[in-house]
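The values are calculated or read from the model by the stated rules, or taken from the named source; none is laboratory data. In this text, all values refer to a predicted model and were calculated from it rather than measured experimentally. So basically every Cβ, Gly included, is an ideal-geometry build from the backbone, and we count neighbours across all protein chains shown.
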Amino acid sequence: MNSDLQKLYQIGQKPARKIIGLMSGTSFDGLDIALCEFNGSGLTTKVNISNFITKGYEPAFKEEVKSVFAKKNVDLEKLTLLNAYVGSYHARLINEALQEWGVENQSIDLIASHGQTIFHAPKHTHPNSIYNNATLQIGDADHIAVSTGIITLSDFRQKHIAAGGEGAPLAVYGDLLIFSNDKENRIMLNIGGISNFSYLPAGRPEHFFSTDVGPGNTMIDQFVQAHYPGLYYDKDSRLGLSGEVNKQLLHCLLNHNFFAAEFSKTTGPELFNKAYLQNAIDQSGARGLSNEDIIATLTHFSAHGIINAIEKATGNINNFEIYLSGGGMYNKLLVSLIENRLKKQIKSTADLGIHPDAKEAVLFALLANEAVSGNLNTMNLASGIPNVSMGKISFPH
Ligand SMILES: Nc1ncnc2c1ncn2[C@@H]1O[C@H](COP(=O)(O)OP(=O)(O)O)[C@@H](O)[C@H]1O
Ligand SMILES: [Mg+2]
C-alpha cells in the first residue's frame, strides 16, 4: 500500500488529531494559519487552538491576486501561473509559521487548505444559463503537501456544490459542532470581505442554517484602496467616522434583490464592487459627496445588510446572543451601528474559546477532521445542508 495512504488510514483512526486550518478570504489581506488540536469528532468534537498567526501578504502578491480576482476577463496564463504560485507561497508561509512556533512538520497530522477564492458564481448570478452553482479557489494543494511533507485536504467547496449547495457558506458545519448550545440562541456572525452568519436556535438543530448576508468589508476596502494609495482598509473606521451617511445613496445601495432573496444564499465581490457603488451613486443622484461620506455610507450599507438579515432570521425572538469574528469586528463604526440598532452588546467568539481572527481557519480544519473521521450522519441534524464529507486529498509523495 502507498505509505501516505497507510498514514492517512492511521490518522483516520486516531482519537485526537493536530490539524492546521488555513483561510484566505475575499479580503486577501493574508493567510490565517491556525494549528488546532482536535479531540473526537462529530458531536463530541473538542478543539483547542494551540498556535495562530495571520501571515500578511506582501503588497506585490496582493496586486498579483487582484489582477485575476472576481474579474470576468483575466489573463489565462496569469491565472495558471498563480494557481501553482499561490500553493507554493502558502506552503512557504506554513513552513515559516511552524518554524517560528518550534513545531516539527512531522508532528502535524493534516493541513486543511481553503485556497484563495478567485471567483464565486452561484446560479442566481447567471440564472438563464446552462450552468449550475460554481466557485473557484486557487493555490493547488499538491504544492502545500509536497513542500510541507504534510497530507493536505483542500478545495472543500466543490463537493458542497456537487451535492446541491452553493459552495458557501460552509461555516454551518463547524458552527453547529463547536458553538451550538442547548440554552442559548446564537448568531455566529463573521464579517470578512463578505458577511455571513449561522443561526443556531437553542435545541432546535433542524432550524440551524448559515447564509451570506451581503458585504462586510469588501466595498469599504475597494473604495479605500482606490482613493487612498498605500491604504488597504479603513483602519478603526477613522475615515467612516469622519464622514456623514447619505440616505439616498444608502437606499440605492440596499435596493438589490439579493437582500430580498430567501436564506441560505451566497454572494461575493463579483456583485458588491466598485461598479455596484457607481451604479448606486448614479441612481441616487447624490452629488458632492466626500470620500469620507462615501465610506461612512458604505459602512452603514454593510451594517444594514447584517441587521436586516439578523432581524429576519430571529423574527420576534430577542433573547439571542451575537458572537462576532472576522476583521470587520475591528471596524468600530460598523459594530456600533449593529449594536445600537439591535440594542445588544455584541460578543466575540473569544468568549467561547475561539480567537475571532482564527475562527474561519478552525472551521476548515474541522471539515478536514470530519472528512477523515467519516461522521456523515452528524450533519443530518441541520436541515438543508448537503450531508457530505468535503476536501480533496494531496499526498506529499
Ligand atoms: N483595525 C481594523 N479596522 C477596520 N477594519 C479592519 C481592521 N482590521 C481588519 N479589518 C478589516 O478586516 C478585513 C480582513 O478580514 P478577514 O476576516 O481576514 O476577511 P477575509 O476572510 O475576507 O480575508 C480587512 O481587509 C479590513 O477590511
Ligand atoms: Mg483574511
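Taking Lys123, is it farther than 23 Å from Phe395 by Cα and either among the basic types (Lys, Arg) or not assigned by TED's automatic domain parsing to the domain that holds Ile19 (or both)? Spell out the reasoning first.
On the way: farther than 23 Å from Phe395 by Cα: yes; either among the basic types (Lys, Arg) or not assigned by TED's automatic domain parsing to the domain that holds Ile19 (or both): yes.
When the stated conditions are applied, Lys123 passes them.
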Next item on the list: Report yes if Glu311 is more than 16 Å from ligand 1 (Cβ to nearest atom), touching a Lys or Arg at 6+ places or on another chain (Cβ under 7 Å) and farther than 30 Å from Ala91 by Cβ, otherwise no.
Entry: no
Notebook entry, point to check: Could you list, in sequence order, the residues of segment 337-359 that are in contact (Cβ under 8 Å) with a residue 12 or more places away in the chain and not in a loop (DSSP other than H, G, I, E, B)?
Noted result: Leu337, Ile338, Arg341, Leu342, Lys347, Ser348, Thr349, Asp351, Leu352, Lys359
Item checked: Pick from segment 162-210, criterion at pLDDT 95 or above and within 16 Å of ligand 2 (Cβ to nearest atom), ranking: farthest from Phe28 (Cα to Cα) -> Leu189
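Taking into account only those residues within segment 1-52 that are β-branched (Val, Ile, Thr) and buried (at least 19 other Cβ atoms within 10 Å of the Cβ), which is modelled with the lowest pLDDT? Talk me through it step by step, then tell me what you get.
To start, the set of residues in segment 1-52 that are β-branched (Val, Ile, Thr) comprises 11, 19-20, 26, 33, 44-45, 47, 49.
Now drop any that are not buried (at least 19 other Cβ atoms within 10 Å of the Cβ), which leaves 19-20, 26, 33, 45, 47.
Values: Ile19: 98, Ile20: 98, Thr26: 90, Ile33: 98, Thr45: 94, Val47: 97.
By that ranking, first place goes to Thr26.
Pick from Val224, Val213: which is out of contact with any Lys or Arg (no Cβ under 7 Å at 6 or more places or on another chain) and within 16 Å of ligand 2 (Cβ to nearest atom)? Before you say what the answer is, go through the steps one by one.
Details: Val213 fails: within 16 Å of ligand 2 (Cβ to nearest atom).
One residue alone meets the criteria, Val224.
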Next item on the list: Go through (1) assigned to a helix (DSSP H, G or I); (2) away from ligand 2 (no atom under 16 Å from the Cβ); (3) surrounded by fewer than 22 Cβ atoms within 10 Å (Cβ to Cβ) and name the single condition Met329 misses.
Entry: (2)
Next item on the list: Check Glu270, Glu292, Glu262, Glu321 and return the single one that is out of contact with any helix residue (DSSP H, G or I) (no Cβ under 7 Å at 6 or more places or on another chain), away from ligand 2 (no atom under 16 Å from the Cβ) and farther than 18 Å from Leu189 by Cβ.
Entry: Glu262
Notebook entry, point to check: From the list Leu271, Leu334, which one is within 16 Å of ligand 1 (Cβ to nearest atom), assigned to a loop (DSSP other than H, G, I, E, B), aliphatic (A, V, I, L, M) and touching a residue at least 40 places away in the same chain (Cβ under 8 Å)?
Noted result: Leu271
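Just to check your reading of the model, which residue among Pro229, Pro205, Pro201, Pro215 is more than 13 Å from ligand 1 (Cβ to nearest atom), within 24 Å of Ala275 (Cα to Cα) and assigned by TED's automatic domain parsing to the domain that holds Asn318? Before you say what the answer is, go through the steps one by one.
On the way: Pro205 fails: within 24 Å of Ala275 (Cα to Cα); Pro201 fails: within 24 Å of Ala275 (Cα to Cα); Pro215 fails: more than 13 Å from ligand 1 (Cβ to nearest atom).
None of the other options fit; the residue is Pro229.
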Check: Is one or more of the residues making up segment 124-134 under 15 Å from the mean Cα position of the chain (by Cα), of a type in the set (A, V, I, L, M) and within 16 Å of Ala70 (Cβ to Cβ)?
Finding: no
Item checked: Scan of segment 7-58 for residues that are more than 16 Å from ligand 1 (Cβ to nearest atom) and either assigned to a loop (DSSP other than H, G, I, E, B) or in the same structural domain as Gly327 (by TED's automatic domain parsing) (or both), ordered by number -> Lys14, Pro15, Gly40, Ser41, Thr45
Check: Across segment 47-60, what is the number of residues that are over 20 Å from the mean Cα position of the chain (by Cα) and hydrophobic (A, V, I, L, M, F, W, C)?
Finding: 1
Check: Out of curiosity, is Val65 modelled with pLDDT of 95 or more, within 18 Å of Asp155 (Cα to Cα) and not in a loop (DSSP other than H, G, I, E, B)?
Finding: yes
Next item on the list: Taking the residues in segment 26-70 that are touching a Lys or Arg at 6+ places or on another chain (Cβ under 9 Å) and among the acidic types (Asp, Glu) as candidates, determine which candidate is farthest from ligand 2 (Cβ to nearest atom).
Entry: Glu37
